[in-house]
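A.B. asks: Dropping a structure here in structure tokens format, bear with me for questions.
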Amino acid sequence: MSEDRYLTFALGKGRLANKTMELFEQIGITCEEMKDKNSRKLIFVNEESKFRFFLAKGPDVPTYVEYGAADIGIVGRDTILEENRNVYEVLDLGYGNCRMCVCGPASALELLKHHERIRVASKYPNIAKDYFYNKKHQTVDIIKLNGSVELGPLVELSDVIVDIVETGSTLRENGLEVLEEICPLSARMIVNPVSMQMESERIKELVNRLRRQLVI
Ligand code: PRP
């Protein structure tokens, strides 16, 4: 495909996008406009490399990529697993490292052990469902929350939660602990399947440059 076409990137807003732009800078792709914290602009262009970046809510990144509105997305593995979109995962960027875990008060360990029908609160109902139904073969009731999930067991909405644990301080400060680990997480690069074919040279070259930078 023509070198004139922009390669479009959807970045999960926030820390992940900042880390990603730092990494791109290290391989010589800068986007000065994006550094202006007061700007409400959503799309940023690097004319030299013909790259276009936009910021989106994390869970929407795989959607933009599946539909081809973005060729490439950078998003956490948690979101990729939860959204389960038709995209290729091509690179582990090695930052945003954390774990998806079942957490709760220590007393909930017995409920897990005995496969009791418990209530599980989570921002990630699909991950929770897959873990309990397909991996543990335990029937549970899943309650979808949108944040501050640790409240679940504290106010007796649920017995346990399925959530991201990074430093563990949110759990500690609320008297909760990791009861079971589901999987490790980090930032990943995803690609639209059609872009992968049509732009294979540019995408492969970019992935190789990033890979080289990541091992330094
Ligand atoms: C995430 C996650 C935990 C917390 C874990 O929440 O859902 O609550 O971070 O981090 P820690 O182990 O370092 O304490 P986030 O801050 O994204 O906000 P949310 O609870 O509103 O989803």
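A.B. asks: How much accessible area per residue does region 7-63 have, counting only protein heavy atoms and a probe of 1.4 Å, in square angstrom? Let's see the in-between values first.
C.D. replies: Numbers: 3230 Å² over 57 residues.
Ligands and nucleic acids excluded, the result is 57 Å² per residue.
A.B. asks: What does the charge count near Lys144 come to, summing +1 for each Lys or Arg and -1 for each Asp or Glu among other residues with Cβ under 13 Å from its Cβ?
C.D. replies: 0
A.B. asks: Counting only protein heavy atoms and a 1.4 Å probe, tell me what percentage of the chain's accessible area is made up of carbon and sulfur.
C.D. replies: Carbon plus sulfur share of accessible area: 47 percent.
A.B. asks: Binning at 5 Å from 0, report for the chain what percent of all alpha-carbon pair distances ends up in each bin.
C.D. replies: All Cα pairs, binned at 5 Å, distribute as 1, 7, 14, 17, 16, 13, 10, 9, 7, 4, 2, 0, 0 percent.
A.B. asks: Run a plain Debye calculation on region 1-79 (Cα atoms as equal point scatterers, no solvent) and give log10 I(q)/I(0) at q = 0.12, 0.24 Å⁻¹, rounded to two decimals, same order as the q list.
C.D. replies: For the requested q values the scattering log ratios are -0.31, -1.24.
A.B. asks: Moving to a separate point now. For region 98-184, build the charge dipole from Cβ charges (+1 Lys, Arg; -1 Asp, Glu) around the Cα centre, then report which of Cys98, Leu157, Ile143 sits farthest towards its positive end.
C.D. replies: Ile143
A.B. asks: Taking the 0 to 90 degree range and rounding to the nearest ten, how far is the long axis of helix 200-215 tilted relative to the main principal axis of the chain, both from C-alpha atoms?
C.D. replies: 60
A.B. asks: Would you calculate the separation in nanometres between label points at Lys41 and Arg209, each defined as 7 Å from the Cα along the Cα-to-beta-carbon direction?
C.D. replies: 2.0
A.B. asks: Excluding residues on the same chain fewer than 8 positions from Lys135, give the lysines whose Cα lies under 23 Å from its Cα.
C.D. replies: Straight-distance partners of Lys135: Lys113, Lys123, Lys144.
A.B. asks: Using only protein heavy atoms and a 1.4 Å probe, report how much of Asp4 is accessible, in Å² to the nearest 10.
C.D. replies: 110
A.B. asks: Could you tell me the relative contact order of region 98-184? Use alpha-carbon pairs under 8 Å, at least six residues apart, and round to a whole percent.
C.D. replies: 49
A.B. asks: Another question, if that's okay. Output the relative contact order of the chain, whole-number percent, from Cα pairs under 8 angstrom with separation of 6+ residues. Write down the numbers at each step before the final one.
C.D. replies: Working: 394 pairs, mean separation 58.6, N = 216.
Once normalised by length, the contact order is 27 percent.
A.B. asks: Right, next: Please label the shape of region 98-184 as rounded, prolate or oblate, based on the square roots a ≥ b ≥ c of the eigenvalues of the alpha-carbon gyration tensor (a/c under 1.5 means rounded; beyond that, a/b larger than b/c means prolate, else oblate).
C.D. replies: Values: a/c = 1.38, a/b = 1.26, b/c = 1.09.
Here region 98-184 falls in the rounded category.
A.B. asks: Mind pulling the angle between the C-alpha long axis of helix 15-26 and the longest principal axis of the chain? Nearest 10 degrees, somewhere in 0 to 90.
C.D. replies: The answer is roughly 30 degrees.
The values are calculated or read from the model by the stated rules, or taken from the named source; none is laboratory data. What you see is a predicted model; the values in this text were computed from it and never measured. For neighbour counting, all protein chains shown are included, and Cβ atoms are generated from backbone atoms with ideal geometry for every residue, glycine included. For accessibility, only protein heavy atoms count, side chains too; no ligands or nucleic acids. Shrake-Rupley method; radii C 1.70, N 1.55, O 1.52, S 1.80 Å.
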